[in-house]
1. Quick one: how many Å² of Asp662 are accessible to a 1.4 Å probe, rounded to 10?
2. If each DSSP helix of 4+ residues adds -39,500 (n - 2.57) and the sum is divided by the residues in the chain, what number results at 222 nm, nearest 500 deg cm²/dmol?
3. Using θ = phi - 60° and the Karplus curve 6.51 cos²θ - 1.76 cosθ + 1.60, what whole-Hz ³J(HN,Hα) does each residue of the stretch 732-748 get, with Gly and Pro shown as x?
4. Based on the mean of other Cβ atoms within 10 Å per residue, sort peptides 49-62, 264-277 so the most packed one is first.
5. At Arg287 and Arg611, where each label point lies 7 Å from the Cα along Cα→Cβ, what is the point-to-point distance in nanometres?
6. Using Cα-Cα distances under 8 Å and only pairs 6 or more residues apart, what relative contact order does the chain have, in percent?
7. With the Cα gyration tensor of the stretch 300-349 giving a ≥ b ≥ c as the square roots of its eigenvalues, does the rule (a/c under 1.5 for rounded; else a/b larger than b/c for prolate; else oblate) give rounded, prolate or oblate?
8. Mind grabbing the base-10 log of I(q)/I(0) for the chain at q = 0.04, 0.07, 0.10 Å⁻¹? Debye formula, identical points on the C-alpha positions, no solvent, two decimal places.
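The values are calculated or read from the model by the stated rules, or taken from the named source; none is laboratory data. These numbers were taken from a predicted model, which means no experiment stands behind them. Ideal geometry is used to build each Cβ from the backbone, glycine not excepted, and the neighbour counts take in all protein chains shown. In case anyone asks, the SASA skips ligands and DNA or RNA and just uses the protein heavy atoms, side chains included. Shrake-Rupley method; radii C 1.70, N 1.55, O 1.52, S 1.80 Å.
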Amino acid sequence: MALDTDTLPRIAAAIFRKLLPQAEREEVLNDLAAEHAELARTAGRIHARLWVWLQLLGSIPALVRRIWWRGWTGFEPRSSRMEPGGSVFESWIIDVRYSARRIASRPAYAAAAILTLAVGAGGTAATFSVVRALLMESLPVGNEEQVGVLWFDGSWTEQEFVELRPDFPGFRRMAAYRPADDTLEVPGEPLRLVRGIAASAELFEVLGRGPLFGRTFQPGDDLKGAQPVAVLSHSLWRELGADRSILGRPLQLGGLACTVIGVMPPGFWFPDPTIEVWTATPLDASRRAGVYTLIGRLADGYRMDAMQGPLGALARSLGERYRYPAQWDKTKAPAIRPLREFLVGDVRASLIATFVAMALILGIACVNVAALMLGQLGGRSTELSVRAALGADRQRLIQQIAIESLLLGALAGAAGALVAAAGFTVLVRSLPLGALAETAILDWSLFWAAGIVALAAAIAATLVPAAAVSRTSLQAGLATSRTGGITVRGGRLESALVVAQIALAVLLAGGTGLLIRSVGNLRAIDPGFDIRQIAVVDATLPTQLTNPEKAGAVTDALMHLQALSGVKAVAATQKLPLRGSGDNWTIAVEGKPDLERTTTAFRIVTRDYFRTLGVDILRGRSFLPEDRATTERVVVINEALAAKYFPGEDPLGRVLHSGIGDKGERIIGIVANMAEADLTDAPVPARYMLFQQLPFTPWEMSFVLAAPGREDEAPLLQAARTTLQRESPRLAIQRTTTMEFIFDEAVGPAGRVATLLMLLAGLALALAAVGVHGVISHLVGRRTREYGIQIALGLRPSRVVAEVVTRGVTLAVLGSVIGTAATTALAGSLSSLLYGVDESDPAALGGAMLVLVAVGALAAFVPAHRASRTDPAVVLRQP
């Protein structure tokens with residue numbers, strides 16, 4: 001007699017029902033219910049419920065072993081034959097074995113599906129790992145949403161900061177910092193360069209991070225006359241021996257002894273991961289060089305998007321205290337940038353574009369695998385129909401399809417992890433990450449991500465064939481198995497898959513085309529100087545050297561570099577073209593007292609600077625050996641300066657004043673405009689002065705060497721580095737590069753992203769071609785008997801080819817139209833990477849569309865040609 005099993009604990013009873021075989025299920029549950037009722041009567045309900053749970057926990061190991069054995073062997077005990085059926089887990093195990101056998105028996109299909117998913121999943125996982133590191137993970141700053149950077153970054157003066165320091169409206173704390181790369185002297189080791197930051201005492205308080213040990217800056221560390229102090233990065237501390245007793249010791253930075261006061265924890269970086277040391281800068285209210293960036297932490301109750309009031313008050317305070325040239329007027333458009341946007345904003349668009357491209361590749365891969373599985377279902381139409389006629393339900397058939405897909409996904413995940421590991425390094429090198437590349441680290445999460453993405457893609461690919469099974473009359477397939485079984489509807493699902501693949505490929509190819517056109521426009525810009533065959537060596541001098549010592553070191557370095565074999569010309573400057581704005585000095589023109597106070601680019605150069613860079617002297621002359629410190633101070637200007645300050649006049653012989661002494665500088669020549677700041681900027685006024693005639697020498701200099709040919713650049717750079725390290729020990733080499741590489745950097749993120757997206761677009765085209773070929777081949781195979789009969793009745797083979805190719809082209813055109821519309825709608829997200837190209841550029845979008853249509857036609861031609869060679873006699877003899 002059956003008892004009321006509803007009295008059992010619901011969860012425990014549900015688990016028993018899942019694990020128990022059907023033949024014994026009710027009997028066991030009735031026994032449990034009887035014992036439970038007796039215990040509840042004699043010992044109480046709590047004791048009875050606890051007993052049921054103990055029975056469940058004790059039975060689980062045996063039940064799991066039984067489920068696994070029955071599922072793996074398929075054995076049905078004699079006692080269950082009158083009432084067969086086990087738990088759902090047994091059917092899963094059986095279907096896993098069945099799917100594994102199917103996959104092993106079809107190696108070509110399995111390899112195609114696994115590799116396709118692996119490429120999409122691995123690439124997406126690798127890209128996501130980079131995106132996560134830069135755009136999603138927390139910055140090494142406390143409550144980063146409360147930290148922002150003021151407008152005109154890199155242009156604030158010590159005077160402004162010191163005078164405003166007691167009260168920045170809306171901010172709890174404000175700090176100032178500037179780049180301060182310096183030389184590091186370690187006894188017994190060659191002079192080396194360390195990337196550094198010089199900052200006010202508030203910096204680490206604003207950042208909200210403390211040291212690993214020691215302390216950070218405190219009030220008074222940035223006062224004039226204070227003991228120089230330094231905070232080390234964790235990596236520099238380890239390089240110096242990882243000794244905690246380093247606290248309190250002096251470290252020779254730039255020739256100055258700085259006391260080490262603290263070491264930051266691993267993982268901390270600011271403003272980029274290459275910074276190795278932070279020093280407290282002695283602030284002087286009389287200094288008016290605009291080189292600082294101001295970073296602040298908002299006061300309680302303020303939000304980043306509601307700072308208009310405090311920023312307006314700050315701008316009014318600046319207007320009351322200072323008078324600015326028009327191009328440097330800080331009282332206009334005050335703003336604050338969130339810290340993350342300031343630090344990684346330049347690479348955000350590139351990262352998102354690459355991630356979207358990889359997601360499109362993954363989408364195409366999913367569609368391809370869905371098409372492969374749908375083709376497999378077409379070949380199994382008779383089998384599925386027979387099984388359905390014998391009583392198999394749709395749920396079980398769909399379960400087998402899903403398990404086969406998950407097996408493929410698991411294998412693709414393993415392969416995708418290898419693809420992700422290899423692709424991660426390529427991505428980091430290919431993306432324009434700059435110093436931020438060090439934040440992207442390959443770890444185990446990448447492999448898990450690849451596996452998860454592959455499984456998710458496999459599940460997505462299952463949806464189409466599962467829908468085909470659920471919507472098709474499998475019993476009716478017995479009567480139509482020779483014409484295609486479940487695909488008798490005419491291949492609408494397959495056609496939809498082709499259209500989807502083409503649309504996704506066009507979307508990727510169209511966006512890539514826009515970037516390629518943009519990069520072409522950028523590379524067509526003339527920077528005004530030679531970029532080929534120019535080697536560059538960036539070097540730093542200890543800041544504590546006297547000016548004669550620095551000038552002597554530069555002169556000696558030029559002499560040694562000029563002696564290198566094959567060098568055509570050598571020069572040096574404190575700032576090369578295409579390296580951003582900065583180094584702007586005020587200017588006055590003798591005889592023009594009413595001239596508006598303004599600034600121009602100011603370049604300190606050596607005698608052969610223009611000859612080395614291949615810059616034309618348009619009028620007058622360049623510097624000569626006779627121009628020395630003891631002679632009249634002279635200056636060369638560019639066309640933009642001549643046009644702005646001497647319109648309709650002859651500038652030669654006129655005198656400029658730069659605030660260096662009171663005699664001024666006589667203009668001796670006019671040179672062609674160069675791209676002094678950014679590649680796309682309009683020409684800016686610039687003047688060039690001979691470093692021997694100035695009372696100071698910059699502590700950072702870039703040496704340029706004209707090589708005989710492009711193939712000579714690399715050996716020349718190596719020789720230059722070796723020579724300077726041997727002959728000029730006071731110079732610390734920052735890096736060696738070429739002007740061509742500097743030009744590539746100036747092209748910006750679009751240049752490197754376009755190259756990467758070209759590779760991805762090529763992969764998308766290949767996947768789309770494979771997908772179109774596979775679907776059209778399946779459709780042709782399904783209609784082989786029909787084509788044989790038509791050819792037997794007199795249809796020309798060329799008509800068969802035309803019909804099949806027309807179908808492929810029609811699907812490609814439809815997909816291309818959809819993809820082009822999507823590209824036009826979404827191209828706005830690429831606007832920050834585009835230059836001189838409209839978001840609906842017909843050349844880029846039309847070219848992508850034509851390429852994909854041609855790919856569709858070629859992919860369809862192979863199965864079309866095969867269909868045209870169908871032998872009617874062979875087809876008609878088939879049973």
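1. The accessible area of Asp662 comes to roughly 130 Å².
2. -17000 deg cm²/dmol
3. Each residue of the stretch 732-748 in turn: 9, 6, 7, 6, 10, 7, 10, 5, 5, 5, 4, 5, 4, 5, 5, 4, x Hz.
4. The densest-packed peptide leads the list: 264-277, 49-62.
5. Calculated label separation equals 3.7 nm.
6. Details: 1561 pairs, mean separation 127.3, N = 879.
This gives 14 percent for the chain.
7. Values: a/c = 3.59, a/b = 1.41, b/c = 2.54.
Taking the square roots of the gyration eigenvalues as a ≥ b ≥ c, the stretch 300-349 is oblate.
8. Treating every Cα as an identical point scatterer, log10 I(q)/I(0) equals -0.30, -0.78, -1.16.
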